[in-house]
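Q: Next up is a structure, given as structure tokens.
The values are calculated or read from the model by the stated rules, or taken from the named source; none is laboratory data. Remember, predicted model here, so these are calculated numbers, not experimental data. FYI the Cβ positions are ideal-geometry reconstructions off the backbone, even for glycines, and counts take in every protein chain you see. Protein only, heavy atoms only, side chains kept; ligands, DNA and RNA dropped before computing areas. Shrake-Rupley method; radii C 1.70, N 1.55, O 1.52, S 1.80 Å.
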Amino acid sequence: SDAPVTESVFSLWIDHRARPRDAQYAYAVVPGTNAQRLSEWAAHPPVRIITNTTAQQAVINDQTGVAEIVFYQPGSIALSPGSTVKVDHPCLVLLTKHGNSTRIAVASPGGEVSIVHLTLTASKSKQSVTFKLPGGDLAGKSQTMDVSVRW
């Protein structure tokens, strides 16, 4: 149903045990499925983990052409051979292949960052863009831009 759920539905957690060190885990939320479809999904997941570190977390969904990246600090990440994303501040980045271009959304969820310079490099092209992120009541809201580079 499209109706909003306004009651407790479930709780989910991962037991990390006492004082884990250098531990990692990854999980996917796959809504609207059943046991058979989930088993098929798990056998051939469309989502690839690019990195899962304390500096960055990134996944790509090969079926939808969407990459999601968390930069906990400035840096760059290789999406594929010859394709990279670089930012100068901690932020969230969402990349979507959109025709012959890429739609980029950038956000600073806590509103700490007001400007992010992002460079998207693909095998034959490179484009740098500046995102001016809102503050005040709109702090944390993402800003979206289409660029001519397709990763």
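Q: Among what's in the stretch 87-104 and is closer than 26 Å to A23 by Cα and open to solvent by 40 Å² or more (accessible area, probe 1.4 Å), pick the residue that is farthest from the chain's Cα centre (by Cα).
A: It comes out as H89.
Q: Further, regarding this structure: K132 passes all but one of (1) charged (D, E, K, R); (2) over 24 Å from S83 (Cβ atoms); (3) surrounded by 13 or more Cβ atoms within 10 Å (Cβ to Cβ); which number fails?
A: Unmet for K132, out of (1) charged (D, E, K, R); (2) over 24 Å from S83 (Cβ atoms); (3) surrounded by 13 or more Cβ atoms within 10 Å (Cβ to Cβ): (3).
Q: OK, next. Looking at (1) open to solvent by less than 20 Å² (accessible area, probe 1.4 Å); (2) within 23 Å of V30 (Cα to Cα), which one does T64 not meet, given that it meets all the others?
A: (1)
Q: May I pose another question? Working only within the stretch 5-52, note down all residues that are surrounded by 12 or more Cβ atoms within 10 Å (Cβ to Cβ) and under 14 Å from the mean Cα position of the chain (by Cα).
A: Listed by number, the residues that qualify are A28, V47, R48, I49, I50, T51, N52.
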